[in-house]
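Peer 1: This structure is in C-alpha coordinates; I'll ask about it shortly.
The values are calculated or read from the model by the stated rules, or taken from the named source; none is laboratory data. Fair warning: this is a prediction, and the values are worked out from it, not measured in the lab. For neighbour counting, all protein chains shown are included, and Cβ atoms are generated from backbone atoms with ideal geometry for every residue, glycine included. Heads up: the accessible areas ignore ligands, DNA and RNA and are worked out on the full protein's heavy atoms, side chains in. Shrake-Rupley method; radii C 1.70, N 1.55, O 1.52, S 1.80 Å.
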Amino acid sequence: MRILIAGCGYVGSALAELLHQQDHEVFGLRRDPTQVPNGVTPLAADLQDPESLRAIPPDLDYVYYAASANGYGEAAYRAAYVTGVQNLLDALANQSPRRIFFTSS
(Lines give C-alpha, C1' and ligand atoms only; values in the text may rest on other atoms or scores of the structure.)
Protein backbone atom coordinates (compact mmCIF):
# COMPACT_ATOMS: atom_id res chain seq x y z
CA MET A 1 0.00 0.00 0.00
CA ARG A 2 1.08 3.57 -0.73
CA ILE A 3 0.16 5.83 2.15
CA LEU A 4 0.49 9.59 2.64
CA ILE A 5 0.52 11.13 6.08
CA ALA A 6 -0.11 14.85 5.72
CA GLY A 7 1.14 16.42 8.92
CA CYS A 8 3.78 13.92 9.93
CA GLY A 9 4.40 15.39 13.38
CA TYR A 10 4.03 13.65 16.74
CA VAL A 11 0.92 11.58 15.96
CA GLY A 12 1.63 11.25 12.24
CA SER A 13 5.17 10.02 12.88
CA ALA A 14 3.97 7.32 15.27
CA LEU A 15 1.49 6.13 12.64
CA ALA A 16 4.15 6.32 9.91
CA GLU A 17 6.50 4.11 11.91
CA LEU A 18 3.80 1.49 12.49
CA LEU A 19 2.79 1.45 8.84
CA HIS A 20 6.41 1.24 7.69
CA GLN A 21 6.99 -1.73 10.02
CA GLN A 22 4.09 -3.45 8.24
CA ASP A 23 5.96 -3.01 4.92
CA HIS A 24 3.78 -0.23 3.51
CA GLU A 25 5.30 2.51 1.37
CA VAL A 26 4.79 5.59 3.53
CA PHE A 27 5.23 9.25 2.61
CA GLY A 28 5.50 11.81 5.42
CA LEU A 29 4.52 15.36 4.51
CA ARG A 30 5.61 18.24 6.71
CA ARG A 31 7.19 21.67 6.39
CA ASP A 32 10.48 20.38 7.82
CA PRO A 33 10.94 16.89 6.41
CA THR A 34 14.16 16.27 8.35
CA GLN A 35 12.00 15.09 11.26
CA VAL A 36 10.24 12.31 9.32
CA PRO A 37 10.97 8.85 10.79
CA ASN A 38 13.53 6.55 9.19
CA GLY A 39 12.11 4.41 6.41
CA VAL A 40 9.43 6.99 5.57
CA THR A 41 9.83 8.99 2.37
CA PRO A 42 9.97 12.67 3.38
CA LEU A 43 7.95 15.26 1.46
CA ALA A 44 8.65 18.95 2.04
CA ALA A 45 5.36 20.80 1.67
CA ASP A 46 3.12 23.24 3.50
CA LEU A 47 -0.61 22.50 3.61
CA GLN A 48 -1.21 26.28 3.44
CA ASP A 49 0.70 26.53 0.16
CA PRO A 50 -1.13 24.72 -2.66
CA GLU A 51 1.88 25.07 -4.96
CA SER A 52 4.06 23.07 -2.58
CA LEU A 53 1.57 20.19 -2.63
CA ARG A 54 2.61 19.29 -6.16
CA ALA A 55 5.17 17.03 -4.44
CA ILE A 56 2.41 14.59 -3.50
CA PRO A 57 3.12 11.24 -5.17
CA PRO A 58 0.61 9.53 -7.47
CA ASP A 59 -1.31 6.31 -6.90
CA LEU A 60 -1.93 6.70 -3.18
CA ASP A 61 -4.07 4.03 -1.53
CA TYR A 62 -4.69 5.84 1.76
CA VAL A 63 -4.26 9.38 3.02
CA TYR A 64 -4.16 10.43 6.66
CA TYR A 65 -4.60 14.09 7.53
CA ALA A 66 -2.86 14.50 10.88
CA ALA A 67 -1.89 18.17 10.81
CA SER A 68 -2.36 20.32 13.87
CA ALA A 69 -3.08 24.01 14.26
CA ASN A 70 -0.03 26.25 14.33
CA GLY A 71 -1.35 28.20 17.31
CA TYR A 72 -4.57 28.99 19.12
CA GLY A 73 -7.54 30.95 17.93
CA GLU A 74 -9.94 30.91 15.04
CA ALA A 75 -7.42 31.84 12.33
CA ALA A 76 -5.00 29.06 13.28
CA TYR A 77 -7.74 26.45 13.48
CA ARG A 78 -9.28 27.59 10.20
CA ALA A 79 -5.88 27.40 8.49
CA ALA A 80 -5.26 23.84 9.71
CA TYR A 81 -8.71 22.30 9.62
CA VAL A 82 -10.39 24.10 6.72
CA THR A 83 -7.83 25.64 4.37
CA GLY A 84 -5.22 22.88 4.80
CA VAL A 85 -7.79 20.15 4.23
CA GLN A 86 -9.18 21.88 1.14
CA ASN A 87 -5.70 22.39 -0.30
CA LEU A 88 -4.89 18.71 0.22
CA LEU A 89 -8.16 17.58 -1.35
CA ASP A 90 -7.51 19.86 -4.32
CA ALA A 91 -4.02 18.38 -4.70
CA LEU A 92 -5.56 14.89 -4.68
CA ALA A 93 -8.21 15.76 -7.27
CA ASN A 94 -6.74 13.44 -9.93
CA GLN A 95 -6.32 10.54 -7.52
CA SER A 96 -8.75 8.04 -6.05
CA PRO A 97 -7.41 6.83 -2.71
CA ARG A 98 -9.47 4.08 -1.07
CA ARG A 99 -9.92 6.21 2.04
CA ILE A 100 -8.94 9.58 3.45
CA PHE A 101 -8.74 9.76 7.23
CA PHE A 102 -8.99 12.99 9.18
CA THR A 103 -7.62 13.39 12.70
CA SER A 104 -8.07 16.39 14.93
CA SER A 105 -7.56 17.41 18.51
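Peer 1: How charged is the neighbourhood of residue 90? Take every other residue with its Cβ under 15 Å from the Cβ of residue 90, and add Lys/Arg as +1 and Asp/Glu as -1.
Peer 2: Overall, the nearby charge balance is -2.
Peer 1: Report the rotationally averaged projected area of the chain based on its alpha-carbon convex hull, in square nanometres.
Peer 2: 6.0
Peer 1: Counting only helical runs of four or more DSSP H residues, what would the 222 nm mean residue ellipticity of the chain come to if each run contributes -39,500 (n - 2.57) and the total is spread over all its residues?
Peer 2: -6500 deg cm²/dmol
Peer 1: For residue 98 and residue 41 in one chain, what is 0.36 nm times their gap in residues minus the Cα-Cα distance, to one decimal in nm?
Peer 2: On the way: separation 57, 0.36 × 57 = 20.52 nm, distance 2.02 nm.
Full extension from residue 98 to residue 41 adds 18.5 nm.
Peer 1: I've got another one for you. Give me the distance between the Cα centres of the stretch 13-29 and the stretch 59-105, rounded to whole Å.
Peer 2: If we compute the Cα centre of each part, the gap is 18 Å.
Peer 1: Just to confirm, what accessible area per residue do you get for the chain at 1.4 Å probe, in whole Å²?
Peer 2: Ligands and nucleic acids excluded, the figure is 60 Å² per residue.
Peer 1: Taking θ = phi - 60°, what integer Hz values does the Karplus form 6.51 cos²θ - 1.76 cosθ + 1.60 yield along the stretch 7-14, in sequence order, with x for Gly and Pro?
Peer 2: Taking θ as phi minus 60°, the curve returns x, 8, x, 4, 6, x, 5, 4 Hz for the stretch 7-14.
Peer 1: Round to a whole number: what % of the accessible area of the stretch 32-105 belongs to carbon and sulfur, probe 1.4 Å?
Peer 2: Answer for the stretch 32-105 is 48 percent, counting heavy atoms of protein chains only.
Peer 1: With a cap of 10 neighbouring Cβ atoms within 10 Å, and only residues DSSP puts in a loop, list the chymotrypsin sites (Phe, Trp or Tyr not before Pro) found in the stretch 13-105.
Peer 2: 72
Peer 1: Step through the residues of the stretch 52-65 one at a time and calculate ³J(HN,Hα) from phi using the Karplus curve (6.51 cos²θ - 1.76 cosθ + 1.60, θ = phi - 60°), rounding each to whole Hz and writing x for Gly and Pro.
Peer 2: Once rounded to whole Hz, the list reads 5, 7, 5, 6, 5, x, x, 6, 7, 8, 9, 10, 10, 9.
Peer 1: Let me ask you something else. Give me the base-10 log of I(q)/I(0) for the stretch 47-105 at each q in 0.13, 0.21, 0.29 Å⁻¹, Debye formula, one uniform scatterer per Cα, rounded to two decimals.
Peer 2: -0.33, -0.81, -1.28
Peer 1: Moving on. Karplus couplings for the stretch 19-29 from phi (6.51 cos²θ - 1.76 cosθ + 1.60, θ = phi - 60°), rounded to Hz, Gly and Pro as x?
Peer 2: 5, 5, 4, 8, 6, 8, 8, 10, 10, x, 9
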